[in-house]
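First comes the structure, then the notes that go with it.
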Amino acid sequence: MASKKAVASVDPEFAAISAVYEALSSLDVTSQRRVLSYVMSKLGIETAPPESSMRMEDRTGSGAADSDASRDSDRGARASQQGSTEADTDGISAVALKWMRRSGLDSSRLGDLYSLGVDDIDLVVKSVPGKTKKDRMLSVILLKGIAAYLSTGVARVSHAHVKEACLHYDAYDQANFAKHLRSFSPEVSGDVGSGFTLTPRGLTRATETIKSMLGSGE
């Protein structure tokens, strides 16, 4: 009789725990989880983490979300910047891009002098350096040579384009055109028939001219 009272006095929750433990202890972990999940499902019990765990997950989840959002924002900014850079350098030859990097020039600065973003890049600056027509003529050839360099990777410009630009920038001296060209030989090679190509020295001179123009805001 005492035994029956003892059994009756056992906590039902403790008895259930003991029974469940006894039933699951001989199973592997995977089987234990599967049985528990099935029983809870049959009893209609929803699984929820403890309150303290939920608070921790909320904090870490929020931090993770903020971190993910920050990473996404950084990636978006980099993608936007890269897209902008690619758009700015669209149409510029690979050779000229290397020259730009070596010279510390970027498309945003060169855009003040040249019509970037089009197939046929041209000189668009309002004026060129030089107090005399001869000086301005050299500037025209150097700057037009760079325009061709940007487009094609070859710093060569035709006589017709040089003449047109010289007329535009008040740099055309018909009587002394050939004489001036000969004096430019260290920087410019070629002739009226083949066009004019910047020599290595000419490319250096052109780079210095461009930097000077951008620095002075001409």
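Taking the stated definitions as given, is residue 130 outside any helix (DSSP H, G or I) and more than 19 Å from residue 96 (Cβ to Cβ)? Yes; evaluated as a whole, the condition is true for this residue. Scanning the stretch 150-186 for residues that are more than 35 Å from the chain's Cα centre (by Cα), surrounded by 17 or more Cβ atoms within 10 Å (Cβ to Cβ) and outside any helix (DSSP H, G or I) returns 169, 171, 172, 184.
Scan the stretch 120-137 for residues that are surrounded by 24 or more Cβ atoms within 10 Å (Cβ to Cβ) and touching a Lys or Arg at 6+ places or on another chain (Cβ under 8 Å) and the total you get is 1. Scanning the stretch 187-218 for residues that are polar (S, T, N, Q) and in a loop (DSSP other than H, G, I, E, B) yields 194, 199. Selection of first residues in the stretch 144-163 that are over 20 Å from residue 91 (Cα atoms) and outside the structural domain of residue 106 (by TED's automatic domain parsing) and of second residues that are modelled with pLDDT of 95 or more and among the small types (Gly, Ala, Ser), restricted to Cβ pairs under 6 Å at least 6 apart or on distinct chains, gives an empty result.
The values are calculated or read from the model by the stated rules, or taken from the named source; none is laboratory data. All figures in this text were calculated on a predicted structure; none of them were measured in a lab. Glycine gets a Cβ as well: all are built from the backbone with ideal geometry, and neighbour counts include every protein chain shown.
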